[in-house]
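The values are calculated or read from the model by the stated rules, or taken from the named source; none is laboratory data. Computed from a predicted structure; not experimentally measured. Note: ideal-geometry Cβ built from the backbone for every residue, glycine included; neighbour counts use all protein chains shown. For accessibility, only protein heavy atoms count, side chains too; no ligands or nucleic acids. Shrake-Rupley method; radii C 1.70, N 1.55, O 1.52, S 1.80 Å.
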Amino acid sequence: MMSFGEDRIIRKSPEEIEKMRRSGKMVRQVLNHLKGIVAAGVTTMDLEKAAEKLIAELGAAPAFKGYYGYPCVLCTSINEEIVHGIPSEKRALKTGDIVSIDCGVVCDGYYGDAAITVPVGDELAAELKKLLEVTEASLYKGIAQAKIGNTVGHVGSAIQKHVEANGFSVVREFVGHGIGTKLHEAPQIPNFGKKGQGAELTEGMVLAIEPMVNSGRPETKVLSDKWTAVTLDGSYSAHFEHCVAVTRQGPVILTQ
Ligand code: MF3
Ligand code: CO
């Protein structure tokens, strides 16, 4: 995410969380559909077009298009691209690539935001398979910490520990975020930190938790298109994201 105009944390009622679950479900439908389309020769613009069509059919609106001038409904980030890759008809997927697909929608005033990273073809290098597995598992480690009484730091610490124990690194320059009637709300959710750091998690908070994990060093740079974030060392990067409500029953994933 980028910047916040407001640093107040907005807690959601059960009714609002239900609306966010509906938006979250739509995002998941889009991601599941796109996962089935990913193949060698498919372009990231093919994915964009399919997403745009399905979001309209679902009766929602895309969340990213026009956000700070972002041109598309998806972010599609291939291999060393971390996040915010812009779909292009010039970029065809190749067997052995990994592609992160990030999608957001808004429906009835409430946002949903989720991302997956998928292999292209079925001959993924063992190291990349491990990168995807570790990144997704780190997301679930973070989600498990999204409990009343914990802090933002509990979430980041759990993610960072799992990633680093497996020899990979977490990106520092891009972070998760609160979400609700805006795509990005307070608090920021870093994928690193220590238990006890940052805001305390309280009932009704909704967090977009989104580890970005590099196979090499953590440093990043943004390309001249002003959006695409890549690893500085050219290593591969994976990204998974869920929206999670903090409830008295524990963490509830809204983007299922
Ligand atoms: N999931 C990403 C984020 O929260 C996607 C934002 S892309 C943008 O930052 F174009 F909308 F900025
Ligand atoms: Co997000």
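Quick notes on this one:
- Of the criteria (1) within 28 Å of LYS35 (Cβ to Cβ); (2) without any contact (Cβ under 8 Å) to a residue 60 or more places away in the chain; (3) out of contact with any helix residue (DSSP H, G or I) (no Cβ under 6 Å at 6 or more places or on another chain), which one LYS182 fails: (2)
- Any hit, region 117-135, residues being within 16 Å of ligand 2 (Cβ to nearest atom) and in a helix (DSSP H, G or I): yes
- Test: ALA114 is within 16 Å of ligand 1 (Cβ to nearest atom), closer than 30 Å to ARG217 by Cβ and at pLDDT 95 or above: yes
- Residue satisfying all of: in region 40-80; in contact with a Ser or Thr (Cβ under 6 Å, 6 or more places away or on another chain) and within 16 Å of ligand 2 (Cβ to nearest atom); nearest to VAL171 (Cα to Cα) among these: SER77
- Candidate set: region 194-208, residues that are small (Gly, Ala, Ser) and surrounded by 16 or more Cβ atoms within 10 Å (Cβ to Cβ); chosen: the one nearest to ligand 1 (Cβ to nearest atom): ALA208
- Qualifying residue in region 191-207 (condition: within 22 Å of LEU31 (Cα to Cα) and either touching a residue at least 60 places away in the same chain (Cβ under 8 Å) or in contact with an Asp or Glu (Cβ under 6 Å, 6 or more places away or on another chain) (or both)): yes
- Scanning region 58-74 for any residue that is charged (D, E, K, R), within 13 Å of ligand 1 (Cβ to nearest atom) and surrounded by fewer than 19 Cβ atoms within 10 Å (Cβ to Cβ) turns up at least one such residue.
- Tallying residues that are over 18 Å from the mean Cα position of the chain (by Cα) and more than 23 Å from GLU127 (Cα to Cα) within region 72-98 yields 4.
- Selection from region 89-106 of residues that are open to solvent by less than 30 Å² (accessible area, probe 1.4 Å) and within 16 Å of ligand 1 (Cβ to nearest atom): VAL99, SER100, ILE101, ASP102, CYS103, GLY104, VAL105
- The number of residues in region 138-174 being aliphatic (A, V, I, L, M), open to solvent by 10 Å² or more (accessible area, probe 1.4 Å) and closer than 18 Å to CYS103 by Cα comes to 0.
- Members of region 209-252 found to be over 17 Å from the mean Cα position of the chain (by Cα) and within 16 Å of ligand 1 (Cβ to nearest atom), listed by number: VAL222, LEU223, ASP225, LYS226
- Among the candidates GLU185, GLU219, GLU164, GLU200, residue that is in contact with a His (Cβ under 7 Å, 6 or more places away or on another chain), over 15 Å from TYR140 (Cβ atoms) and at pLDDT 95 or above: GLU185
- Residues of region 34-64 that are under 19 Å from the mean Cα position of the chain (by Cα) and in a strand (DSSP E or B): ALA61, PRO62.
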